[in-house]
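The values are calculated or read from the model by the stated rules, or taken from the named source; none is laboratory data. The shown structure was predicted, so the numbers you read here are calculated from the model rather than taken from an experiment. Cβ placement follows ideal geometry from the backbone for every residue including glycine, while neighbour counts extend to all protein chains displayed. Quick note on the areas: whole protein, heavy atoms, side chains included, nothing else; ligands and nucleic acids left out. Shrake-Rupley method; radii C 1.70, N 1.55, O 1.52, S 1.80 Å.
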Amino acid sequence: MTRNFFTRLILEDEDLDSENELAVRAWFALMGGFTGIERDLRRVMAQQGLNLPRFDILMLLSRHPQGLNMGDLARELVVTKGNVTGVVKRLQSDGLIARVSDTSDKRIQTVTLTEGGRREFETYYRTYAESVSGALGHLSSAELNQLTDIMAKIDTDLFRGEGPDNDRAR
């Protein structure tokens with residue numbers, strides 16, 4: 001397998017002259033790891049006839065048994081409603097989710113997993129978890145906890161507006 005651009009950059013043996021350069025190298029390390037793992041996940045999921053957007057919606061709905069409306073789905077996945085609509089239509093036609101219109105406002109639809117969708121998700125999740133575990137399995141429990149803590153801190157700081165894009169709304 002060929003290393004990606006980001007990974008090649010962080011492996012270059014050069015001195016870091018500033019905090020900015022150190023931060024950029026850390027960012028490249030994050031991007032290199034992410035793109036490699038995501039590429040493998042896409043390949044593994046495609047072998048089961050699934051793509052990551054479909055998986056993401058099934059995962060989110062598995063955590064919300066009462067369902068979510070289309071706007072909340074888009075907001076939680078940090079995509080537009082338009083992105084979600086096409087995927088939801090295909091999941092519905094495959095019998096994996098159901099959409100129910102709100103009785104007081106027909107424009108609002110609540111999306112839930114069907115029983116078949118829940119079973120399929122559980123199968124997909126096992127494959128997903130095995131793939132991620134394979135990619136990160138060389139890390140110790142302490143390293144995995146440290147990585148999780150660091151990423152949670154970055155997310156929390158960005159959410160609070162302490163990050164580089166403090167105007168962003170979640």
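Determine whether the stretch 118-129 contains at least one residue that is part of a helix (DSSP H, G or I), modelled with pLDDT under 90, acidic (Asp, Glu) and surrounded by 12 or more Cβ atoms within 10 Å (Cβ to Cβ). For the stretch 118-129, residues part of a helix (DSSP H, G or I), modelled with pLDDT under 90, acidic (Asp, Glu) and surrounded by 12 or more Cβ atoms within 10 Å (Cβ to Cβ): absent. Scanning for something among the hydrophobic types (A, V, I, L, M, F, W, C), part of a helix (DSSP H, G or I) and either open to solvent by less than 70 Å² (accessible area, probe 1.4 Å) or out of contact with any Ser or Thr (no Cβ under 7 Å at 6 or more places or on another chain) (or both), does the stretch 95-110 turn up at least one residue? Scanning the stretch 95-110 turns up no residue that is among the hydrophobic types (A, V, I, L, M, F, W, C), part of a helix (DSSP H, G or I) and either open to solvent by less than 70 Å² (accessible area, probe 1.4 Å) or out of contact with any Ser or Thr (no Cβ under 7 Å at 6 or more places or on another chain) (or both). When residue 152 is tested against (1) open to solvent by 40 Å² or more (accessible area, probe 1.4 Å); (2) assigned to a strand (DSSP E or B), exactly one condition is not met: (2). Where helices (runs of 4 or more DSSP H) sit wholly within the stretch 1-92, those with at least 2 residues that are modelled with pLDDT under 90 and loosely packed, with under 15 Cβ neighbours inside 10 Å occupy 5-11, 19-47. When the residues of the stretch 139-170 are filtered to those that are small (Gly, Ala, Ser) and at pLDDT below 80, the one that is nearest to residue 72 (Cα to Cα) is 169. For residue 106, the conditions (1) modelled with pLDDT of 95 or more; (2) farther than 30 Å from residue 27 by Cβ all hold with the exception of (1).
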